[in-house]
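What follows is a short report on a single structure.
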Amino acid sequence: MGEDQDQQRIKRIAAASYDYGNDSRWADYWSNILIPPHMASRADVIDHFKRKFYQRYIDPDLVVEAMPSSGSSQSSRPSVTPSVSPATEQARQRTSGSSSRTSGTSATPAANPSSLRWDRQTLQFSVNAWVFVVAVLATLPVIPRNLSNRAYRLSFMGTLCSSLYSLYSLYGKPRAWTLQAVQVWSQPIIATKDFITFVYCLMFVSSHLHIKFALLPLLCRAVEQVAKFLRRNFGHSSLYRKYLDEPCLWVESNTTTLNILTSHAEIGLGFLLIISLFSLQRNIIQTFMYWQLLKLMYHTPVTAGYHQSVWAKIGRTLNPLACLTSSWMDSGVAFWVRIRPRRTCPRDPHMGFQVFSISTRKLWRFYAKLWTIIFPFTGNMI
């Protein structure tokens, strides 16, 4: 028993002296911890999560005790020693003797009751897992159409509630319901990924157009959130290590791939909405608002890198085709003008060629202006 205490004391000293600042995993780990702002600045809270980080990534044998929720209030209370009868003392000795004979694994959950608490992270995990299951049901072709449409709408509603709750837990509500206070409160929120997800779900949850391709960003987000929670809280479970360790590790190490896939799906969905304008289920307002959301994604730092890389690929693909099409049209127009009779433009001394070339340039300028109006954020690339 004494050797174990000495080993744990040495491990705690090693965890306290570990260089967390030069470990990139610590920054990602700390950014995914959802705690109130007034607790994030406390030294004991930071040390507690540092020891949990050290236990997960460096030394799994380190025992991390539960963080006391009301330690200051308990320490301020005066200690009172009640009088104990001999019968009560004997009963306590028998109880302690029987409990000491139990295994160490059964005593661990009792020593850490806060792990079973329904906290914010557990609620987010439950909602994201539910969204993942419902979205998978919505994409399966064997599901009936009415059930699939209901699952499609429920997946957007679940993600909308999850992102809204995340925004509320991190930023709260405005201090006052005035225009200036709301502007100050909304400035840091607009640049977050949760706000973009909230607006994205708000557009499709109220739309009569059911595009199953729009569920792909929700699936990527749900998988990423569920994998992080499982690795954080079920790392010592035998069932997790047997079936879910490798998939969760792959998801956590390939978040960039998931973000790139999400950006491709979001931009492809924008072009699908443009194609849907030629169908009976067209929605011009939704298409316009979604392209404005893509503009926000292009400029927001959280998603700007992924969207800019996708638009750069689109520009490298379309630029040669645009140049080829313009040269072909110019040659066709020149051939058509050469065979035009003089009477088509009697006032023009140059047989109408200069007049038609000027109108062609005006037409291309109109096409360029229309392109910049529809895609105003691609002017630097295309």
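Checking the condition open to solvent by 90 Å² or more (accessible area, probe 1.4 Å), in the same structural domain as SER206 (by the TED database), touching a residue at least 40 places away in the same chain (Cβ under 8 Å) and closer than 24 Å to SER207 by Cβ, which residue from MET289, MET297 passes?
Just a single option satisfies the conditions, and that option is MET289.
Out of everything in the stretch 220-247 that is more than 25 Å from VAL63 (Cα to Cα) and touching a residue at least 24 places away in the same chain (Cβ under 8 Å), what residue ends up being surrounded by the most Cβ atoms within 10 Å (Cβ to Cβ)?
ALA222
Contact list please: Cβ distance under 8 Å, first residue in the stretch 305-321 and farther than 24 Å from ALA191 by Cα, second residue among the hydroxyl-bearing types (Ser, Thr, Tyr), pairs at least six apart or on different chains.
ILE314/THR378; GLY315/THR378
Taking the residues in the stretch 28-40 that are at pLDDT below 75 and open to solvent by 50 Å² or more (accessible area, probe 1.4 Å) as candidates, determine which candidate is nearest to THR255 (Cα to Cα).
PRO37
Looking only at the stretch 179-219, filter to residues that are closer than 22 Å to ASN128 by Cβ and hydroxyl-bearing (Ser, Thr, Tyr); which one of those is most open to solvent (accessible area, probe 1.4 Å)?
Within the stretch 179-219, the match that is most open to solvent (accessible area, probe 1.4 Å) is SER206.
Can you pull out every residue in the stretch 128-150 that is touching a Leu at 6+ places or on another chain (Cβ under 8 Å) and either over 13 Å from PHE204 (Cβ atoms) or hydroxyl-bearing (Ser, Thr, Tyr) (or both)?
Residues satisfying the conditions are VAL131, PHE132, VAL134, VAL136, LEU137, THR139, ILE143, LEU147, SER148.
Where in the stretch 118-190 are there helices (runs of 4 or more DSSP H), lying wholly inside it, with at least 1 residues that are outside the structural domain of PRO36 (by the TED database), touching a Gly at 6+ places or on another chain (Cβ under 6 Å) and free of Cβ contacts under 8 Å to residues at least 40 places away in the same chain?
Those helices (runs of 4 or more DSSP H) span 120-139.
Given the criteria of a type in the set (Ser, Thr, Tyr) and over 21 Å from the mean Cα position of the chain (by Cα), does TYR200 qualify?
Judged against the criteria, TYR200 is not a match.
Please verify whether THR303 is part of a helix (DSSP H, G or I), open to solvent by less than 50 Å² (accessible area, probe 1.4 Å), at negative phi and at pLDDT 90 or above, treating the condition exactly as stated.
Here the answer is yes, as THR303 does meet what is asked.
The values are calculated or read from the model by the stated rules, or taken from the named source; none is laboratory data. Note that the coordinates shown come from a computational prediction; the quantities given were computed from them, not determined experimentally. Every residue, glycine as well, gets a Cβ built from its backbone with ideal geometry; the counts of neighbours run over all protein chains shown. Please note that ligands, DNA and RNA were not included when accessible areas were found on the heavy atoms of the full protein model with its side chains. Shrake-Rupley method; radii C 1.70, N 1.55, O 1.52, S 1.80 Å.
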